[in-house]
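J.: Mind having a look at this structure? Questions to follow.
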Amino acid sequence: MTGVLSTVALLAVIGLGVWIFGSFALRLGGLLLFLLGLVGLLQGTPAALLVVVIGGVAWLGGHWLFAYKHHAFRSAIAQRLFAQTFLARVDPTRRWGVPTVSRDGL
């Protein structure tokens, strides 16, 4: 029984850590991976393309988590990507606002 409780407590602490620090860690780590991948591409390393893609996905994931928690994006680039590309389906800020202008425009 104590093993199960220990596992649940550990998962709760990990979940809390991801909730508190996850968006910052993903955005910063993703940016660093993206930049390191670009440097690798400039040096001619073909595997660096995978690092660029992983960094970009991590960066977007960090912005998604931030927007989910705060109902606003931290970056205008991320907001535009989530609003104007195929990522609009997973935009965490859509339908959060209440329209203040009637449909008639009055």
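Rule-based calculations on the coordinates, nothing more; no lab input. All values reported here derive from a predicted model rather than from experimental measurement. Neighbour counts run over all protein chains shown; Cβ positions are idealised from the backbone, glycine included.
J.: State which stretch of the chain is the longest one without any exposed trypsin sites (Lys or Arg not before Pro), exposure meaning a DSSP loop state and at most 16 other Cβ atoms within 10 Å.
T.: Longest gap between qualifying sites, sites excluded: 1-73.
J.: Mean 1/r over all different Cα pairs, inverted: what Kirkwood radius does region 5-49 give, in Å?
T.: Result for region 5-49 stands at 12.5 Å.
J.: So, one more: Across the chain, what fraction of all alpha-carbon pairs, as a whole percent, falls in each successive 5 Å bin from zero upward?
T.: Cα pair-distance distribution for the chain, in percent: 2, 12, 14, 15, 14, 13, 10, 8, 6, 3, 2, 1, 0.
J.: If you take the beta carbon distance between Thr45 and Arg80 as r and set R0 to 30 Å, what does 1/(1 + (r/R0)^6) give as a FRET efficiency, to the nearest 0.05?
T.: 0.50
J.: What helices does the chain hold that run 27 Å or longer along their axis, going by alpha-carbon atoms, with a Kyte-Doolittle average of -0.5 or more, using DSSP H for the helix calls? Mind showing how you got there, number by number?
T.: Numbers: long enough: 2-42 (52 Å, 2.08); 48-70 (33 Å, 1.29).
Correct list, ordered by number: 2-42, 48-70.
J.: Moving on to the next point. Kindly put Ser75, Ser23 in sequence by how many other C-beta atoms sit within 10 Å of each C-beta, fewest to most.
T.: Neighbour counts put them in this order, fewest first: Ser75, Ser23.
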